[in-house]
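> Following this message is one structure expressed as structure tokens.
The values are calculated or read from the model by the stated rules, or taken from the named source; none is laboratory data. Predicted, not measured: the structure shown is a model, and the values here were computed from it. Using ideal geometry, Cβ is built from the backbone for each residue, glycine included, and neighbour counts are taken over all protein chains shown. Only protein heavy atoms, including side chains, enter the accessible area calculation; ligands, DNA and RNA are left aside. Shrake-Rupley method; radii C 1.70, N 1.55, O 1.52, S 1.80 Å.
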Amino acid sequence: MKRISLLGATGSIGQQTLDVIEFHPDHFKLVAMSLGNNIETGREIIRKFSPKLVSVKSQEAYEKLKGEFPNTSFVYGDEGLMEVATYHDANIMLNAVVGSVGLIPTLQAIKAGKTIALANKETLVTAGHLVMDAAKRNHVSILPVDSEHSAIFQCLQGESEKSIEKIILTASGGSFRDRTREELENVTVQDALNHPNWSMGAKITIDSATMMNKGLEVIEAHWLFDLPYEKIDVLLHKESIIHSMVEFQDSSVIAQLGTPDMKVPIQYALSYPDRLQMPVMKERLNLAEIGKLNFSNADFKRFRCLDLAYKAGKEGGTMPTVLNAANEEAVAAFLNGRISFLTIESIIENVLDKHHTVKDPSLDTIRQVDEETRRFVGTLLASK
Ligand SMILES: NC(=O)C1=CN([C@@H]2O[C@H](COP(=O)(O)OP(=O)(O)OC[C@H]3O[C@@H](n4cnc5c(N)ncnc54)[C@H](OP(=O)(O)O)[C@@H]3O)[C@@H](O)[C@H]2O)C=CC1
Ligand SMILES: CC(=O)[C@@H](O)[C@H](O)COP(=O)(O)O
Ligand SMILES: [Mn+2]
């Protein structure tokens, strides 16, 4: 029985994780969870799964919920998130919060010896060296939930990482994949939130539209699979059927395919090294029905954020921390209607240009750079 603590239970990945847990009561049990502001959904989840410990974001939410469920203890804030991440009765922690707020709970869970199922890619982007180093020292596995990384992880089962020629991350191209840069000038938040293949949280859907998502995934892959950036390619594939591929030294290419459904990589991370039945999904893959799959190279001028992410990743040190923090702030400003779609990338580029890299940063330095970057983006936004 895997006993799961789930960060971000009310989100898109969180809810699909709960579906998977519900399908397999003999294999999985939810013992602890966190939510942010969505108390209504939180209540429904607590009623259904009776977790022993629940963390909420604010003290106000904590005051509202704490007397309602006699068998559940409540905590709140950053401290609460950490308590859930390290809950004594959990053996696996699935991190499905959005943003670099996921970093510290991940590090704490690693220290507590929990297996990590990681959806929260920002954690690896902002401080991949600290996370992978802590995992190594504590003999803890980091199992990917992100669909591309799960695909690569699956392709690598039974293979030696030494025999990898390169990995190929597929990219749908997001909501605006068929538009020119000129056509991006006046796109709306609603247009951007309309992803062609995946139903996801707002932040990652915007990241997908700017292709920053793929850039973050390149950095995530660098850390997870210990590969230099030269061995990580991106390929546009608009159907999101091939979730990613590995090319080996002998020229063989192994790919992982499936309909776009996050329950598959979530379940694989939870059941690993076993596979379980997938009782409820939209549909299984029928290639004859699909007929044709499309591929093309990603244009780095068209998808500026992808280029910025490769450059930040290659530079290393604190540069990816800045990339991530600037992106989080710029995307939030776009979602709030404060800036246009193309301003997201110009803000990130401006901030990266001004940053002087600190090599091999400590956790304190990462936190400081993250905060400074957010403040700097705040001043840029104030002048708009
Ligand atoms: N959605 C997807 O299909 C995929 C997502 N990912 C990654 O998984 C992560 C989660 O994405 P997704 O599920 O789409 O995001 P959502 O926005 O749908 O969910 C985010 C979750 O995090 C909680 N949360 C947000 N901010 C905070 C905070 N400051 N403190 C505590 N909790 C917080 C939210 O709580 P509440 O809603 O209650 O406020 C919610 O439970 C991201 O890193 C994303 O990149 C990766 C691959 C696919
Ligand atoms: C489902 C998932 O893993 C997302 O990260 C997805 O990959 C987004 O799709 P694109 O970034 O390829 O548009
Ligand atoms: Mn992905």
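> Can you give me the number of residues within the range 135-160 that are among the hydrophobic types (A, V, I, L, M, F, W, C) and either within 16 Å of ligand 1 (Cβ to nearest atom) or under 17 Å from the mean Cα position of the chain (by Cα) (or both)?
Here the count works out to 6.
> Also, quick follow-up: May I ask you to list pairs of residues, at least six apart or on different chains, whose Cβ atoms are under 6 Å apart, with the first in the range 145-166 being among the basic types (Lys, Arg) and the second being away from ligand 1 (no atom under 15 Å from the Cβ)?
LYS166/LYS231; LYS166/ASP233; LYS166/GLU247
> Return only the number of the condition from (1) closer than 29 Å to SER340 by Cβ; (2) of a type in the set (S, T, N, Q); (3) in contact with a helix residue (DSSP H, G or I) (Cβ under 7 Å, 6 or more places away or on another chain) that SER240 does not satisfy.
Only one criterion is unmet by SER240, namely (3).
> Take the residues of the range 161-185 that are farther than 30 Å from GLU345 by Cβ and modelled with pLDDT under 95: which is farthest from ligand 1 (Cβ to nearest atom)?
Filtering the range 161-185 for residues that are farther than 30 Å from GLU345 by Cβ and modelled with pLDDT under 95, the one farthest from ligand 1 (Cβ to nearest atom) comes out as LYS162.
> Are there strands (runs of 3 or more DSSP E) fully within the range 45-96 with at least 2 residues that are open to solvent by less than 80 Å² (accessible area, probe 1.4 Å) and either aliphatic (A, V, I, L, M) or closer than 24 Å to PRO144 by Cβ (or both)? List them.
In the range 45-96, 53-56, 92-95 are the strands (runs of 3 or more DSSP E) which contain 2 or more residues that are open to solvent by less than 80 Å² (accessible area, probe 1.4 Å) and either aliphatic (A, V, I, L, M) or closer than 24 Å to PRO144 by Cβ (or both).
> Return a yes/no flag: does the range 27-38 have any residue that is of a type in the set (D, E, K, R) and either within 16 Å of ligand 2 (Cβ to nearest atom) or in contact with a Ser or Thr (Cβ under 7 Å, 6 or more places away or on another chain) (or both).
For the range 27-38, residues of a type in the set (D, E, K, R) and either within 16 Å of ligand 2 (Cβ to nearest atom) or in contact with a Ser or Thr (Cβ under 7 Å, 6 or more places away or on another chain) (or both): absent.
> Restricting the range 197-211 to residues that are within 9 Å of ligand 2 (Cβ to nearest atom), assigned to a helix (DSSP H, G or I) and among the aliphatic types (A, V, I, L, M), which is surrounded by the most Cβ atoms within 10 Å (Cβ to Cβ)?
Filtering the range 197-211 for residues that are within 9 Å of ligand 2 (Cβ to nearest atom), assigned to a helix (DSSP H, G or I) and among the aliphatic types (A, V, I, L, M), the one surrounded by the most Cβ atoms within 10 Å (Cβ to Cβ) comes out as ALA209.
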